[in-house]
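The values are calculated or read from the model by the stated rules, or taken from the named source; none is laboratory data. These numbers were taken from a predicted model, which means no experiment stands behind them. Because the Cβ atoms are built from the backbone with ideal geometry, glycine has one as well, and the counts that use them run over all protein chains shown.
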Amino acid sequence: MKVVSTVNELQYLLKELNLSPVGFVPTMGALHEGHMSLVVNGIQRCPIVVVSIFVNPTQFNDKNDLRNYPSTPEADLGLLQKIMREKDIVFIPTVQEIYPEEDKRKFLFENLDNVMEALHRPGHFNGVAQVVTRLFDIVKPDIAVFGMKDFQQLAIVKALVKQTGNKVKIITSPIIRENDGLAMSSRNRLLEPEIRKHVPVIYKTISAAAEMINDNDISKIKSFVSDRINKEPGLKLEYFEIVDDIELIPLRKKSEMKRDRHYVGCIAVTAGNIRLIDNIEIGLV
Ligand code: PAF
């Protein structure tokens, strides 16, 4: 694989290689098996894949979170080296390279940007939209792979692609979990060992919530989730919502469920001082 840091180098290589479709996997580094599954997905579909590693400052509403975001460049390249082919490219730009000027663009996503993560991380999705459009302009991918763990981000990226008329096809990869069920995340490595013991309860709880849907009201399921999470030492529920996969409208009653939509239970929990998110498909049988 080749490693480049400038837009010029990247675009020169892509032009020289002249392969299509071009696959793209945007990441913020601190890579784990979840990211690897996205890259493998891209490799299976495309003769050339670009992986970007860029911790995007504009999507961090909390400056401490940005400061503490894990950075493991050598380990990242080691992992990518194992699966990427000779022609594939790792793009590791500087902030100046991505934002030669301050990005002042404001994106509107209606309801998608009014629920869940958006309420708890104001401005976050505007920053994601800024960097994703910028990276798409630079890489010009035919296919881009995103993980299901960031479910709301995925809905936002799909809406963004529609809004901007970009022809890129968005592919999703399922959540990859640790053996104890914890969804893989770059932030997991920041968990204190004492707290780490308790976090598997997050996936256990949403799995149980998914089982409850046939015989219980939404409010009962939400109380169950909140009680279960908040009684676990070190954990605090931020939100649990059951939303549809297109507009992300939180369900209040089961009767609002539409046959032509998929529903997903989305959770955010603070574990010590680390925020974790996860989700699970919820369907009536
Ligand atoms: O999901 C992430 O890691 C980031 O939000 C993304 C899509 C790479 C944009 O910075």
Which is touching a Ser or Thr at 6+ places or on another chain (Cβ under 9 Å), in contact (Cβ under 8 Å) with a residue 40 or more places away in the chain and over 18 Å from GLY147 (Cα atoms), of ILE195, ILE176, ILE213, ILE229?
-> ILE229
Does segment 54-61 contain at least one residue that is at pLDDT below 95, within 20 Å of the chain's Cα centre (by Cα) and either charged (D, E, K, R) or surrounded by 13 or more Cβ atoms within 10 Å (Cβ to Cβ) (or both)?
-> yes
Since GLU110 meets every condition but one in (1) out of contact with any Ser or Thr (no Cβ under 7 Å at 6 or more places or on another chain); (2) among the charged types (D, E, K, R); (3) modelled with pLDDT of 95 or more, which condition does it not meet?
-> (3)
Residue pairs meeting the criteria (Cβ under 7 Å; at least 6 apart or on separate chains; first in contact (Cβ under 8 Å) with a residue 24 or more places away in the chain, in segment 77-92; second basic (Lys, Arg)) | ILE89/LYS2
Residues (β-branched (Val, Ile, Thr), assigned to a helix (DSSP H, G or I) and more than 16 Å from the ligand (Cβ to nearest atom)) located in segment 8-63 = VAL40, ILE43
Qualifying position, being at pLDDT 95 or above, under 23 Å from LYS15 (Cα atoms), away from the ligand (no atom under 13 Å from the Cβ) and assigned to a loop (DSSP other than H, G, I, E, B), among ASN166, ASN179 = ASN166
Taking segment 81-133, which residues are β-branched (Val, Ile, Thr) and over 18 Å from the mean Cα position of the chain (by Cα)?
-> ILE83, ILE89, VAL90, ILE92, THR94, VAL95, ILE98
Inside segment 110-164, the number of residues satisfying the requirement of being farther than 22 Å from LEU276 by Cβ and charged (D, E, K, R) is 7
Enumeration of residues in segment 232-266 that are in a loop (DSSP other than H, G, I, E, B), touching a residue at least 40 places away in the same chain (Cβ under 8 Å) and closer than 17 Å to GLN153 by Cα | ASP245, ILE246, GLU247, LEU248, ILE249
